[in-house]
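The values are calculated or read from the model by the stated rules, or taken from the named source; none is laboratory data. Nothing here was measured: the structure is a model prediction, and the numbers come from that model. Backbone-built Cβ (ideal geometry, glycine too); neighbour counts: all protein chains shown. When the accessible area is computed, the model is the full protein with side chains, heavy atoms only, and any ligands, DNA or RNA have been set aside. Shrake-Rupley method; radii C 1.70, N 1.55, O 1.52, S 1.80 Å.
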Amino acid sequence: YTFDRLLPEDIFGSNEGTLAGTAGWGVGIGGGSAQGLLLDGAGRVNLGTVSAFDFPSGVGTVEGWIRADWTSVGYNPCMWADRNGGPTVWSLHLSDSKGTPGFYNGAGTTFYVLPGGAGTNWHHVATVFTNGTASFYVDGNLIQYGAMARALGAGPGTVQLGSAAASTAEGWIGMLDEVAFYSTALPATAIQ
């Protein structure tokens with residue numbers, strides 16, 4: 001999902017997205033004419049139920065570029081998720097202080113420490129999960145590796161970018177760009 005054509009389009013598959021709420025466009029990670037998804041906490045992109053993004057094998061990677069623009073919020077904004085209230089397969093959040101990313105699998109959250117916090121700069125983030133473990137990378141560096149409370153939750157979930165549900169729950173405030181889903185656990189060299 002590059003957003004450069006002002007569409008939430010899946011450039012490798014058929015899982016097109018739909019803008020919802022106040023989601024719009026802004027200058028993306030590439031600068032110039034490159035576009036990214038601009039969110040103010042009340043918008044998102046709905047991808048719907050995508051069985052491949054449930055990662056039924058328990059193995060996968062979700063990665064992309066984020067920019068956290070809030071100064072103060074009373075919740076942990078969600079980058080991207082495969083959940084909708086009921087079934088939760090997975091979701092990735094950043095704490096309101098911008099210093100603690102968290103990977104939620106419906107039973108518990110694996111928290112990481114982001115040295116120096118996210119600030120308002122662009123950062124590349126990736127979560128790699130392999131049947132009960134999760135690795136979190138920021139800007140190509142492994143931040144933490146550890147066991148999750150359980151393997152990924154049961155699907156099907158509803159996939160969205162910028163929200164923890166097919167609503168504005170825990171809406172992202174800032175930018176998202178170049179979001180990608182892989183059915184394999186990418187090695188560190190690929191993430192770097």
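Tabulated data for the structure shown
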| read-out | value |
| --- | --- |
| Strands (runs of 3 or more DSSP E) wholly inside segment 80-192 containing at least 3 residues that are hydroxyl-bearing (S, T, Y) | 133-138 |
| Qualifying residue in segment 50-61 (condition: within 16 Å of the chain's Cα centre (by Cα), buried (at least 23 other Cβ atoms within 10 Å of the Cβ) and of a type in the set (A, V, I, L, M)) | no |
| First in segment 1-26 and at positive phi, second anywhere and open to solvent by less than 20 Å² (accessible area, probe 1.4 Å) and among the polar types (S, T, N, Q), Cβ under 9 Å, 6 or more apart | G21/S163 |
| Subset tally (residues that are open to solvent by less than 20 Å² (accessible area, probe 1.4 Å) and in a strand (DSSP E or B)) for segment 63-79 | 5 |
| Cβ pairs under 6 Å, 6+ apart, first in segment 69-96 and touching a residue at least 40 places away in the same chain (Cβ under 8 Å), second in a loop (DSSP other than H, G, I, E, B) and among the β-branched types (V, I, T) | D69/T120; N84/T158 |
| Residue in segment 26-36 that is in a strand (DSSP E or B), under 15 Å from the mean Cα position of the chain (by Cα), within 19 Å of G174 (Cα to Cα) and not hydroxyl-bearing (S, T, Y) present | yes |
| Pick from segment 28-50, criterion at pLDDT below 95 and hydrophobic (A, V, I, L, M, F, W, C), ranking: farthest from A164 (Cα to Cα) | A34 |
| Residues of segment 151-189 classified as out of contact with any strand residue (DSSP E or B) (no Cβ under 9 Å at 6 or more places or on another chain) and over 18 Å from H124 (Cα atoms), total | 0 |
| Selection status of L152, open to solvent by 20 Å² or more (accessible area, probe 1.4 Å), modelled with pLDDT under 95 and touching an Asp or Glu at 6+ places or on another chain (Cβ under 9 Å) | yes |
